[in-house]
Each structure stands twice: as structure tokens, then as C-alpha cells.
Amino acid sequence: MFGNKVIAACLAAVLAGGVAAQNNPQGNGTPRLEARIAALSAAAEANPFELGMLTTLRAVEKVVQARYEYGIDNRTLGLPLLRLPMGAPRVTPAREATPETFREVVETFVADMSAARRLVKQAEAAGAEPFELTVTELWFDMNLNGMQDDGEGVEEVLAPVIFGRQGMRDWKASGHYGQAITVRFDAADQAWLAAYTHMLSGLGHAAMAFDPTPIFENVAEGRRKMSEAPDIPNIYDPEEIAAEIAALEAEQDRLEAVQKEAQDKTRKRDKELRDQINDINAQLRTRDVKNDQAKRDELEARRAELKAEQQKLWADRRVHSQNLRTIRNEISSAKAKLPLNDVTQDLQARVDKLNADYRAATKTFREAEQHVQGITDRQIALREALEVEQSTDSRAAIQTELAKLKQALKEAVSEKNTAQQSMRDIGKQKSKAEMELRLRTGTRSTPQDFRPIIDALYILITALEQQPEPAHVQAALDNWRSMISENRRFWTLLDQETDNTREWIPNARQDAALPLTIEPRVAEAWQKILDDAEDVLEGRLLIPHPLLPLGHGVSLTHYENNPTPLDLLGLIQGAALYEHVARGPRITAQSWRQFQRLTNGRAAGFALFFN
């Protein structure tokens, strides 16, 4: 069977920003979004624009659910959009990944994006009516259980990315956090959605251009062969090695005692030396000493003597520490000669189980923590509503709910504390078992700690070294060109709007349904970023590289027409790009930095919002 975690980076990178959206959860185990799409599709008055929006969300949902079912987490690559909390993977995967899993998931996703885009175009051709959506009712079914869990609400997941920490603090302080937000998606937003589908399709085609399926197959075959690896006799005498280890450990104990004794003796003297040196430094700064050359020479000579003694103390400490490090390494090397036995293998299995238990306990604690925060936020909102509410019946209803929330909070805090203690207890057991395993095997760290990262880097680097598929390179860049075109069309249509009704992204004369303000200069700065991106895609601007000669840059259009493998070392040094180099103007970071300044450091969030 093929290892699931090997494909973690690839599935994660296809749609790092994707999350599953659902409305009005009812814990029946059935994905409500899928059911809603089916019902809307069957309705005679179905709005293709609304259907296109839901189809886009459902496509994203399928990617996230695949990651969950295959037990793939998001720890492998710190891509920007991976900061979205997407839930913990299954401790025991429901499905076993195969070498073809990645391509199948991506191909399905790209096909779904095309289907959503066709619906949007159908809506434009038919002049489809705007539709309204209460976005705060949306939630993300991260664990595929059909029910909304704590931390899955759109406000909890997406809002921090768009608004940033300060924006979230301002929103909560305003008293509007937790209140329903309904957005009216109109004709201009059709172009916005079309642009988004092109952006995501481009990511999918870029992933398929360097299809890692052959690499997965090689890894799977290599691991299959490794499972059949022959045993060779152990040439080391276990009894002799054990005796040597015992002697080394005795010497280690002796060196530790010597080091402790030396530290105890020198600690007081070291402090005395520091105090005397500081006192001399203070004297040297006085006016009397500055004017007395003889006194100054005397003090500087004494300071030099003290510093020399201090340096000798530090050198002796380094010798003791070096001796200890050396013998510890020698003990580790000696232990590595011992054959693996049943005790060691059982200990490794215990460490693996405790790691899984710790991840599950951490997830439980985070969910309990978010539940407490949710109740607290609701209490704050209700107390603020109580201050302005005049109706006796409404005030009574609020007070009743507050009383219930008080008890619920008490129970939630208790559950959180229990979950936290459980997490800590398992963490202690895990650390103890890992330390015991390291001592038995002579390793300084658990190799599995780094396995997801190493696997991800291997797949990524090796995939880029393949000859890319020209059709997918072309499709990725064409989709991104269309993304820019549709995004520009969105801003043009937006500027023509005269209404002011619960806007998704407002023009200068409108108000946003979301609790944010978009200054006209921010929208203008975004157009400059679109201009730069288009100029790069069309070859009018080159991509700079720090090791290329002055005035040279990489032509993306040349690469588009002549795609080549992207060797990582060659990319860093520049040699892998030489055949795509041209002389001419290069893109700079000025437009992005201006956008960063105008959005008060929230450029990435607004870019994700604007597309």
C-alpha cells in the first residue's frame, strides 16, 4: 500500500485556501451543500449564478474532504493559504492513497471549476437575477461529519485572514461580531466569481503540468521492495557492545560530576569578575579618570587581567561541555550497533500510538477552547443588545438565554480544562516514550518527526525536475490571463452600479455588507497589481533574479512556449533559467508595497478577497 502522508504536500497545494461550505446544518450526516445543489438543479426557476457559486464551493469541499479521508494534514508545507484551519486529519485514514490519487483529485477539481464557470456564463447570457446569501450561516464541514463543529464557522475561519488581528479586534469591539451578514450577489459579482474559477483552475493545471504520479509510483515501488529487504547477520557482538556502552556511560557520569563541581567553583568567581569589570568600566567613564592618564592606564591594565581570567573560566567550561557532547555522541553511535529487538519495536509502536493520541487530544482541546470562545462572544453580544433593547418580552428572552449560556459556559470551561489536562498527560507520556526510544536506539531525535516535511520536499523538488506537460503549462497561464480579464471586468461593472444593497465588494459610493471599508485608493492600487501581473504574463515585463546580470530577467512567455524542468539548485543559481532570459524592464515590488501600505499591512487578505 502507498503511504498517505507522501502526497500531503501535493493535495494541500492544489487548493490551499479551499474550505467546504454548508448552510443551516442539521446533523444528519448528509453533506447539505451537495443536497442543496441537487435540489436547486432540479428546480425550474434555478438561478445559474447561485448554482455556479455553490458548485464552486462544492468543488473546494471535495478537495478538503479527500484530504480528511486520506488522513492528510497541512503541516508539510507552510504555504500562505495553508494557515487556514482546515481541521485535523483522520487518525486512521478511511481510504488508502494510491499513486494516482493526486491527479484524480486535481482533475476532478479542474473539471468542477469548468462546470461552475459554464454556469456563471449561462447566468450572464440569461441575465440571471441577483441572489442573496447569509454568509454568516455558512460553515465548513472539515471533518465530513455533516454537522457544524466549533471553529468551522465562516467568521472563525476566513474573517481573520481577510481582516487581520487588528481588524478582528475592531470588529469584535464594535459589538457586531456574531450578527448575521447577508450579501446580495449581483451582475458584477458574476465576473468576480468567473475570475476566481480561472484562478483556481490555473492552480490545478500548474499542479498537473508537473504531475507527480510517476514519482509516487517510484516511491511506492521502492517501499514495496524495501519491505522485502533481506536480513544480513549482525557482525557486532551484542555483549561486547553492551559492556562498552556501560563503560562509556560510567565515564559520562564521571564527566558530568566533574563539570558540576567545576561549575559550582567557578560560578561565584565568574560573578565577582563581572562585577569588578563593570566597576572598572564605570570608573573609566568618570571625568576624573578621563583626565588622569596614569589612573586610566592602571584601570585598563587591571581590566585586561580580569578579562583574561574570565576568558580562561569560559574556556574551561567549553572543554567540559565538549567532552560531554563527545562521549554522548560516542554512546549514541555504540547503541546504534545493537540489533533491534522486540522491546525496541514495541516502544516504537507505542510512540506512534501516543503521537496519534496526542494529535487527537490536541484537536479535542482546540475544539473545546473554540466552544468556550463562541459562548463568551455570544454573551457579550447579548449583553450589548440588552442595553439598548426596550421591549419587555425581548429583554426577558435575552435574559433567559444569558442564564442558559452561563451554565453552558461553566460546563464548556470544565470540558476545556479536562481536555487540556488530557492533552498534557498524553504529551508527557509521549515525551517520556520518545526519550526512552532515543536512549535505546542511540538517536538524538525521532526520524518520524521530520518525515512529512522531508516527503513533501522530495515530491515537490523531484516533480519540478520533470519535463512539464506543455498543454497544462499553457492552460495554467491562459486561465490566469482570463482571471485578470474577468477581474478587470468586475471592477468596471462595479463602478457602474448605482444601487447600495448589501454589497460583496463595494464601489466608492456603496457600503460593504461585510464589516470592512475599502478606500478608493485601495481599489486603484489593486489595478496596478493586475497591470503588473498581466505585463509579466504577456512578456512585457521580465521576472528578476538576483544572480542574473543587470538589466536581465526571465521571460515567462518564453518559458510558456518552451517549458523546461525546474531544477531547484539551478533555479537558485540561475542556470536553469538561462535559456529563458531576456534583456528589458523587470517587474518590481512597488505596486505590491503600495497595496500593502494602503491596506495597513493586510495586502494578502485583500488580495485573497479581491482575487
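A few points about this structure:
- Filter result for residue 564 (at pLDDT 95 or above, of a type in the set (Ser, Thr, Tyr) and under 20 Å from residue 207 (Cα atoms)): yes
- Filter pass, residue 76 being modelled with pLDDT of 80 or more and closer than 20 Å to residue 208 by Cβ: no
- Some residue of the range 118-135 being at pLDDT 70 or above, out of contact with any Asp or Glu (no Cβ under 8 Å at 6 or more places or on another chain), part of a helix (DSSP H, G or I) and closer than 28 Å to residue 177 by Cα: yes
- Residues that are closer than 30 Å to residue 351 by Cβ, in contact with a Leu (Cβ under 9 Å, 6 or more places away or on another chain) and basic (Lys, Arg) within the range 380-431 comprise just one, 430.
- Of all the listed residues (272, 309, 369, 305), the sole one being more than 30 Å from residue 247 (Cα to Cα), open to solvent by 90 Å² or more (accessible area, probe 1.4 Å) and assigned to a helix (DSSP H, G or I) is 305.
- Among residues of the range 589-607 that are within 12 Å of residue 518 (Cα to Cα), those with a beta-carbon under 7 Å from a residue that is open to solvent by 40 Å² or more (accessible area, probe 1.4 Å) and at pLDDT below 90 at least six positions away or on a different chain give the pairs 598/519.
- Any hit, the range 334-345, residues being surrounded by 11 or more Cβ atoms within 10 Å (Cβ to Cβ), free of Cβ contacts under 8 Å to residues at least 24 places away in the same chain and in a helix (DSSP H, G or I): no
- When the range 346-355 is limited to residues that are of a type in the set (A, V, I, L, M, F, W, C) and farther than 15 Å from residue 425 by Cβ, the one that is surrounded by the fewest Cβ atoms within 10 Å (Cβ to Cβ) turns out to be 349.
- Here the range 204-251 is the region considered, the condition is being among the aliphatic types (A, V, I, L, M) and not in a helix (DSSP H, G or I), and the residue that is nearest to residue 108 (Cα to Cα) is 229.
- Filter pass, residue 165 being at pLDDT below 75, of a type in the set (Lys, Arg) and not in a helix (DSSP H, G or I): no
- Which listed residue, of 474, 467, is at pLDDT 95 or above, in contact with a helix residue (DSSP H, G or I) (Cβ under 8 Å, 6 or more places away or on another chain), surrounded by fewer than 20 Cβ atoms within 10 Å (Cβ to Cβ) and closer than 24 Å to residue 214 by Cβ: 474
- Selection of first residues in the range 217-228 that are closer than 16 Å to residue 99 by Cα and of second residues that are in a helix (DSSP H, G or I), restricted to Cβ pairs under 7 Å at least 6 apart or on distinct chains, gives the following pairs, ordered by first then second residue: 219/6.
- Residues satisfying the stated conditions in the range 290-302, i.e. without any contact (Cβ under 8 Å) to a residue 12 or more places away in the chain and either among the polar types (S, T, N, Q) or open to solvent by less than 60 Å² (accessible area, probe 1.4 Å) (or both): 291, 293, 301
- Residue 401 passes every criterion in (1) at pLDDT below 85; (2) surrounded by 12 or more Cβ atoms within 10 Å (Cβ to Cβ); (3) within 24 Å of residue 136 (Cα to Cα) apart from (1).
- Candidates 307, 312, 335, filtered to the one that is in contact with a Gly (Cβ under 6 Å, 6 or more places away or on another chain) and not polar (S, T, N, Q): 335
The values are calculated or read from the model by the stated rules, or taken from the named source; none is laboratory data. The structure presented is a predicted model; accordingly, all values stated were derived computationally and were not measured. Cβ coordinates were reconstructed from backbone atoms using ideal geometry, including for glycine residues, and neighbour counts include every protein chain displayed. Note: areas computed on protein heavy atoms with side chains; ligands, DNA, RNA excluded. Shrake-Rupley method; radii C 1.70, N 1.55, O 1.52, S 1.80 Å.
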